[in-house]
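Worksheet: the structure to be examined is printed underneath.
Just so it is clear, none of the values below were taken in a lab; they were calculated from the coordinates. Everything quoted here is computed from the prediction, not taken from an experiment. Glycine gets a Cβ as well: all are built from the backbone with ideal geometry, and neighbour counts include every protein chain shown.
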């Protein structure tokens, strides 16, 4: 019997999910569902054209319209989410960006 190894495609969506997931793992104060929701939401924003509204998010996403409404009422520190990659050199390398070493110092 021959075993065949099937690899998942290495596309831009998977890379984006990996990068977002890595950053969210280092973010404190949010639960697992909110981490999954934010990760899904950011990928969804890259795929929806035009205006973002809850009806379109429920149409193209995996949650109901009411779930999007309820989760948008919860607080999330986007500033901390955006600053975190600058403190981790491996994220820069995953993104293919090679910044000046002075930028990596806290």
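Numbers at a glance
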read-out: Estimated distance in nm for a label pair at residue 53 and residue 75, the labels positioned 7 Å out from Cα along Cα-to-Cβ; value: 3.0
read-out: Label-point separation, residue 64 to residue 19 (7 Å along Cα→Cβ), nm; value: 3.4
